[in-house]
1. Taking region 18-35 as the search range and keeping residues that are touching a strand residue (DSSP E or B) at 6+ places or on another chain (Cβ under 6 Å) and open to solvent by less than 10 Å² (accessible area, probe 1.4 Å), which one is nearest to Glu109 (Cα to Cα)?
2. Working carefully through the options Asp453, Asp419, Asp514, Asp432, find the one that is charged (D, E, K, R) and at pLDDT below 95.
3. Considering region 472-502 alone, what residues qualify as being among the acidic types (Asp, Glu) and touching a Pro at 6+ places or on another chain (Cβ under 9 Å)?
4. Of the residues that sit in region 345-366 and are within 16 Å of Pro410 (Cα to Cα) and assigned to a helix (DSSP H, G or I), which one is most open to solvent (accessible area, probe 1.4 Å)?
5. Report the residue count in region 445-472 for those that are closer than 28 Å to Ala353 by Cβ and touching an Asp or Glu at 6+ places or on another chain (Cβ under 6 Å).
6. Considering each residue of region 195-210, count those that are of a type in the set (D, E, K, R) and either buried (at least 20 other Cβ atoms within 10 Å of the Cβ) or free of Cβ contacts under 8 Å to residues at least 40 places away in the same chain (or both), and give that number.
7. For Phe134, indicate whether it is surrounded by 20 or more Cβ atoms within 10 Å (Cβ to Cβ) and farther than 22 Å from Ser168 by Cβ.
Amino acid sequence: MDHHTHATDVLIAGAGPVGLTAASELRRRGVRCRIVDRLPARLPYAKAVGVQPRTLELWDRNGLVRQALDAAVPMLGQLTYVNGVAQPRTDLVLPPEVPYGFAALPQYETERILEAFLGRFGTGIERGTELVSFTQDAGGVTSLLRTPSGTREEVRSRFLVGCDGAHSTVRKGLGLDFGGGALPEAYMLADVEVDWDLPHGYGVRATHRDADGRTDDLLVCIPLPGRGRYRMSMLVPPGLSADGAAGGDGTSGAAADDDGVAHGPESGRAPALPDVQAALDRLSPRPATASALRWASVFRISHRIVDRYGRGRVFVAGDAAHIHPPTGAQGMNTGIQDAWNLAWKLALAVDGAAAPALLDSYDAERRPVGREVVGRTLRHAAEGVQADPADPAVLMMREAQLLVSYRGSPIVGPPQGEDGAAGPRPGDRAPDCGGLTGPITAHPRRLFDLLRDRDHVLVLYGAGPPTGGPDAVRAFEELARVAAARTGGRTTAFAVLAPDAPDDPGAALPVHRDAQGEFARLYAVDRPTAFVVRPDGHLAARLGPPTAQDLSVALAATFDGP
């Protein structure tokens, strides 16, 4: 057995969308990392297909969104049928200030785009390389890898991140509990073309209910890029079975591994086109013929979540931490947000700039989100999204993952000097807005344009009379200096002024005018207020009126410094 030692800051196991996100966000910040995957090539499966508006916002933040939009197709809504009878149509409509809608993109395309993005930073996937085991100590993690040639390589890293799917080696090595259960039904997945005349851009959910009102047959179709192309899921008919099951990454394996988890595509007999056609013949609301079958599998579903998202210097994300029904396309998107949340914190830790409890906040923030998603998708799998009692507008925002909040996190605090009755609070997503004008730009800009490719950003709102005065920008400049000193220059700052706030032509701070009042409306501000926007687009602080002392205290929860 050959041993070679290589040093890196972070080793990432698993090169699906979650691992690629973690690697990209680390490399974008200059952190050394390696990403390994035991598969020799990307799988051609359209397993995860839905891309939520919140994920598109994150890709806007790092400059990746254009490539995703070029490859995706819109998801406009869902058509629902029960025993052949049309039910009220669901339209996926979001408030006008939300910059992106719902999209569909095959998982292999998402991985292609993310892999190309990672390649910009000189890092590629080490394919055919498997994490075998690891140990950790106070100074780092020692991992044993099996290379494509079958030799063993020992790697020393400061941190290890397991993005290695439902049957995660990292999760098992940490001894984490993966509590939950499994759905009794097996499903077929198929990537096919169909010739029906249903509206383009709409998913289809067709069910059959027996005399007692129980659903005994099901067909769900999600549109994919291509004419008449859908990813279809349906119950497995009698006689179609598979003895073995795959890991959550889509590779073959046993029906359940040594921790009792059965989740993912199975390796037994795959459905054929006649199996898909039979489901369409039973349930399709229009006469339809399926063709051009690209991929099919039997798929088993579990619902589980770990008891913690990491221990010491080792963390889990995505399917390694939570698995659940694919209802509402929540899984991959939740995993991408896991990786994004963790990556910027790891980057500060590697740089020696993280507050002592910063890495602990990963579990504190993301595990409650995982629990909620597992519970909600389980309910929706049984009853359909339409059965959710939430207000339709709230339901839509939640399905878009725009209501994820970290209020109560140890690294965010309550608003200072405000009653907290309106507007986004610390921990909430920072909403986009338009109508921001400047002295040089010819056209109004979006807030997200100003946040793009930046990490922590201090946004300083200056009101007009009587609460805003002529010295507001100079006071903001002092706050920007405090933020730069407290974070070692890792915070960008700019001011947004109300339409009637006085000008300061000599301002050293970038100044933008809230010409249409959108910022004031969406952030519910009418007085000088400071917002600290984190790299993941959530508010770390809301201070009104802001003081240097309050700002320094708020930043100390994240940054280690003077």
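The values are calculated or read from the model by the stated rules, or taken from the named source; none is laboratory data. Note that the structure is a prediction, hence the values are computed from the model and not measured. Positions of Cβ are generated from backbone atoms using ideal geometry, with glycine treated the same way; all protein chains shown enter the neighbour counts. Note: accessible area is taken over every heavy atom of the protein model, side chains too, but ligands, DNA and RNA are not part of it. Shrake-Rupley method; radii C 1.70, N 1.55, O 1.52, S 1.80 Å.
1. Result: Gly19.
2. The unique qualifying residue is Asp419.
3. Result: Asp500, single match.
4. Asp360
5. Looking only at that region, the number is 2.
6. 2
7. no
Residues checked against (1) closer than 28 Å to Ala349 by Cβ; (2) open to solvent by 60 Å² or more (accessible area, probe 1.4 Å); (3) touching a helix residue (DSSP H, G or I) at 6+ places or on another chain (Cβ under 6 Å):
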{"site": "Asp37", "(1), (2), (3)": "yes, no, no"}
{"site": "Leu58", "(1), (2), (3)": "yes, no, yes"}
{"site": "Leu64", "(1), (2), (3)": "yes, no, yes"}
{"site": "Val73", "(1), (2), (3)": "no, no, no"}
{"site": "Pro96", "(1), (2), (3)": "no, yes, no"}
